Amino acid sequence: MPGKTIMVLGGGIGGVVAANKLHHLLKNERVTLIDRKPAHSFTGSYVWILNGKRTASQVEKSLSALQKKGIGFTRGEVTAINPKAGKVDVDGKEMGYDYLVVSLGADLDPGAVPGLSRGGVNLFTTDGLTEAHRKLREFSGGRVVIAVTRMPYKCPAAPYEMAMIIDKMLRKSGVRERSEIEIVTWEPQPMPVAGPMMGRAVLSMIEPMGIKFRSGSTITAIDPEEKSVLLENDEPVPFDLLLYVPPHKCAQVVREAGLTGEGGWVPVEPGTLATSHENLYVIGDAAAIKLPNAKMLPKAGVFAHKHAETVAHEIAAAIKGKPAPKPYGGEGSCFLEVGDGTAGYARGNFYADPEPVVKAKKPGRLLHLEKVAFEKYWFWKYL
Ligand SMILES: Cc1cc2nc3c(=O)[nH]c(=O)nc-3n(C[C@H](O)[C@H](O)[C@H](O)COP(=O)(O)OP(=O)(O)OC[C@H]3O[C@@H](n4cnc5c(N)ncnc54)[C@H](O)[C@@H]3O)c2cc1C
């Protein structure tokens, strides 16, 4: 069969951008995306499921929409990746590739913390967010604890955004004065990779709202009967409602393929996302990129997006025999939802040496509207 086969594993943030960009740059080659789920789910809007501004189905769109653009979509479970043979198994069927882009994200692993799923509600799935929304609407006052159970986790801004959203929800339902909101985390400051300035900026947003920040906490287990978070070297933290960020690990099939390195994620070239295997790129949450300050690049959709564009240009240049394109330079940005129709914004270069350089904008109505517009743009552009 003439032409090259470029396979994209995963139809999340990195996968849909990579497939679109590859198709755009390489009209004559075959681009096929594979995902176990029938629909793409836009996590940028997940915080709005918490406050009821969106339902889970409103932030999803069928991946079959890709087929109308000429991009192949196969729904199936990727059960094996064999880089030496240039093949993957999908639902047990072997498929060959010339170039492979792996964007299979992170598996959520609440079972790694004893008592967690029995004692709390998962803030990182649409089902969990829908349940958390219902529980918060019915909440009659008490202690809401947001437990960040393990590092690393995707979207380091999410627990802080969610705490601010919960503050607004409890104010609206009239129970804020008889409630406490506390974030329990190992992190020494909010969003540590972005530097002390960013940490102070986030604290200056949450502390005036009365949201407590308990840093340096290693969570060992949850006691669902006693309703408390058990810590390694501290007293248990009581809760009436526990909402949690679950432990993450690299997608199972990626681990089983032997692609992961130290720390359990896949080491890649920071500028190209290339792995040690020929024609195999790993992007997004699955990738491990060590920054000049020895911390790891955070796992976030914005980076998956940038990685996807980078590998598309890399692969297109290789196929067309053109010079290597400009490498990815570590730029990234994110909105920070506050919950009252305003949002903040941060932008920076995470590859900067010796530390990432990040600038933040104060929350405002316009930034929230920009985030809403970005959601519309996303579905229009990629699905
Ligand atoms: C609550 C929440 C809010 C967030 N908000 C933001 C935000 O505002 N901004 C931001 O930048 N980031 C945000 N993120 C982070 C962002 O969602 C991730 O960093 C991003 O999705 C990573 O993209 P990815 O392509 O690597 O993986 P994913 O988007 O997770 O996609 C992985 C895909 O692979 C599929 N898959 C996995 N294993 C298999 C298999 N074996 N076979 C077939 N398919 C498989 C999955 O079904 C999934 O569709 C948020 C995350 C959460 C949970």
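The values are calculated or read from the model by the stated rules, or taken from the named source; none is laboratory data. In this text the structure is predicted, and so the values were computed from the model without any measurement. Please note: Cβ atoms are built from the backbone with ideal geometry, for glycine as well, and neighbour counts cover all protein chains shown. To get the accessible areas, we keep the full protein, side chains included, count just its heavy atoms, and leave off ligands, DNA and RNA. Shrake-Rupley method; radii C 1.70, N 1.55, O 1.52, S 1.80 Å.
Things to note:
- Applying the set (1) within 30 Å of residue 351 (Cα to Cα); (2) outside any helix (DSSP H, G or I); (3) out of contact with any Ser or Thr (no Cβ under 8 Å at 6 or more places or on another chain) to residue 197 leaves exactly one unmet item: (2).
- Conditions (1) under 24 Å from residue 282 (Cβ atoms); (2) open to solvent by 30 Å² or more (accessible area, probe 1.4 Å); (3) out of contact with any Pro (no Cβ under 9 Å at 6 or more places or on another chain); number of the one not met by residue 57: (1)
Here's the yes/no breakdown for (1) of a type in the set (Ser, Thr, Tyr); (2) modelled with pLDDT of 95 or more; (3) assigned to a helix (DSSP H, G or I):
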residue	(1), (2), (3)
18	no, yes, yes
22	no, yes, yes
27	no, no, no
33	no, yes, no
37	no, yes, no
40	no, yes, no
44	no, yes, yes
48	no, yes, yes
54	no, yes, no
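- Among residues of segment 315-339 that are within 14 Å of the ligand (Cβ to nearest atom) and open to solvent by 70 Å² or more (accessible area, probe 1.4 Å), none has a beta-carbon under 7 Å from a residue that is in a loop (DSSP other than H, G, I, E, B) and modelled with pLDDT of 95 or more at least six positions away or on a different chain.
- Flag for residue 367 being closer than 23 Å to residue 204 by Cβ, assigned to a helix (DSSP H, G or I), in contact (Cβ under 8 Å) with a residue 24 or more places away in the chain and outside the structural domain of residue 305 (by TED's automatic domain parsing): yes
- Unique match (being within 16 Å of the ligand (Cβ to nearest atom), surrounded by 20 or more Cβ atoms within 10 Å (Cβ to Cβ), at positive phi and not small (Gly, Ala, Ser)) among 191, 164: 191
- Test: residue in segment 25-39 that is within 13 Å of the ligand (Cβ to nearest atom), closer than 28 Å to residue 268 by Cα and surrounded by fewer than 16 Cβ atoms within 10 Å (Cβ to Cβ): yes
- Single residue of segment 70-89 satisfying the filter (within 12 Å of the ligand (Cβ to nearest atom) and more than 24 Å from the chain's Cα centre (by Cα)) that is most open to solvent (accessible area, probe 1.4 Å): 89
- Exactly one residue among 237, 229, 254, 202 is closer than 22 Å to residue 180 by Cβ and within 16 Å of the ligand (Cβ to nearest atom), and that residue is 202.
- Check on residue 52, buried (at least 23 other Cβ atoms within 10 Å of the Cβ), farther than 27 Å from residue 22 by Cα, among the small types (Gly, Ala, Ser) and under 22 Å from the mean Cα position of the chain (by Cα): no
- Checked against (1) open to solvent by 10 Å² or more (accessible area, probe 1.4 Å); (2) within 14 Å of the ligand (Cβ to nearest atom); (3) in contact with a strand residue (DSSP E or B) (Cβ under 9 Å, 6 or more places away or on another chain); (4) closer than 30 Å to residue 276 by Cβ, residue 14 meets all criteria but (1).
- Of the strands (runs of 3 or more DSSP E) contained entirely in segment 66-126, those carrying at least 2 residues that are touching a residue at least 60 places away in the same chain (Cβ under 8 Å) fall at 78-82, 93-96, 99-102, 106-108.
- Residue 290 vs. criteria touching a strand residue (DSSP E or B) at 6+ places or on another chain (Cβ under 9 Å), more than 13 Å from the ligand (Cβ to nearest atom) and among the basic types (Lys, Arg): yes
- Inspection of segment 107-117 identifies at least one residue that is touching a strand residue (DSSP E or B) at 6+ places or on another chain (Cβ under 7 Å) and under 30 Å from residue 278 (Cβ atoms).
- Failed condition for residue 197, given (1) more than 16 Å from the ligand (Cβ to nearest atom); (2) modelled with pLDDT of 95 or more; (3) not small (Gly, Ala, Ser): (2)
- Those residues of segment 82-109 which are over 21 Å from residue 154 (Cβ atoms) and not charged (D, E, K, R), in sequence order: 82, 83, 85, 86, 88, 90, 92, 95, 96, 97, 99, 100
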